[in-house]
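The values are calculated or read from the model by the stated rules, or taken from the named source; none is laboratory data. Since this is a predicted model, take the numbers as computed values, not measurements. For accessibility, only protein heavy atoms count, side chains too; no ligands or nucleic acids. Shrake-Rupley method; radii C 1.70, N 1.55, O 1.52, S 1.80 Å.
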Amino acid sequence: MPIDPTLPYDENNIFAKILRGEIPSNRVYEDEWAIAFHDINPQAQIHVLVIPRGAWVSWDDFSARAPAEEIAGFVRAVGTVARDMGLVEPGYRLLANVGQHGGQEVPHLHVHLFGGQPLGRMIA
Ligand code: AMP
């Protein structure tokens with residue numbers, strides 16, 4: 001079920017638990033601002049989720065309220081993950097779902113990073 005992106009942050013969402021190390025994830029990257037791990041239900045050969053360490057519900061929440069330093073740190077982390085995975089030359093896709101129409105299911109901001117194959121049309 002898509003979440004309501006205007007609700008307050010839920011400290012018990014699944015990505016908060018991954019950040020705290022309470023449930024396992026297959027991490028590919030971490031730094032001061034972000035962690036990245038493989039999606040449990042991959043939609044492409046490479047499907048990684050990059051999430052900020054901060055408690056932000058959605059792209060809307062983050063872009064409106066996060067400090068500039070945190071925004072810069074997160075955006076750079078997304079780029080670093082793609083570079084580290086060798087995805088720049090073949091290319092990749094970023095996606096952030098927001099709210100009902102976006103189909104966001106986990107109420108902690110996450111950017112999907114897809115690659116490893118031609119990705120086809122932007123929207124199925
Ligand atoms: P969204 O629909 O944009 O909120 O995407 C949520 C994503 O989180 C989906 O692609 C799920 O497969 C993924 N996901 C849910 N639980 C886990 C988990 N425990 N570890 C890794 N990925 C997960």
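Carbon and sulfur: what percent of the chain's accessible surface (1.4 Å probe)? Accessible surface attributable to carbon and sulfur in the chain totals 54 percent. Expressed as a fraction of 2.2 N^0.38 Å, the value expected for a compact globular protein of N residues, the C-alpha radius of gyration of the chain is 1.01.
A Gaussian network model of the chain, with springs between Cα atoms under 10 Å, assigns the largest mean-square fluctuation among Gly99, Gly21, Gly91 to Gly21. What is the helix-to-structure angle for 68-84, meaning the angle in degrees between its Cα long axis and the longest Cα principal axis of the chain, kept from 0 to 90 and rounded to the nearest 10? Its long axis makes an angle of about 30 degrees.
Connecting C-alpha atoms closer than 10 Å in a GNM of the chain, tell me which of Leu49, Leu109, Leu19 has the biggest fluctuation. Between Leu49, Leu109, Leu19, it is Leu19 that shows the largest mean-square fluctuation.
The helix-only estimate of mean residue ellipticity at 222 nm for the chain, built from DSSP H runs of length n ≥ 4 each weighted as -39500 (n - 2.57), is -7500 deg cm²/dmol after division by the residue total.
Average accessible surface for segment 1-108: 58 Å² per residue, computed with a 1.4 Å probe over protein heavy atoms with every protein chain in place.
Springs between Cα atoms under 10 Å define the GNM used for the chain, and in it the highest mean-square fluctuation of Val111, Val28, Val98 occurs at Val28. Of the residues Asp31, Asp61, the one with the largest accessible area comes first in the ranking Asp31, Asp61, computed with a 1.4 Å probe on protein heavy atoms. At the residue level, Trp59 shows approximately 110 square angstrom of accessible surface with a 1.4 angstrom probe and all protein chains present.
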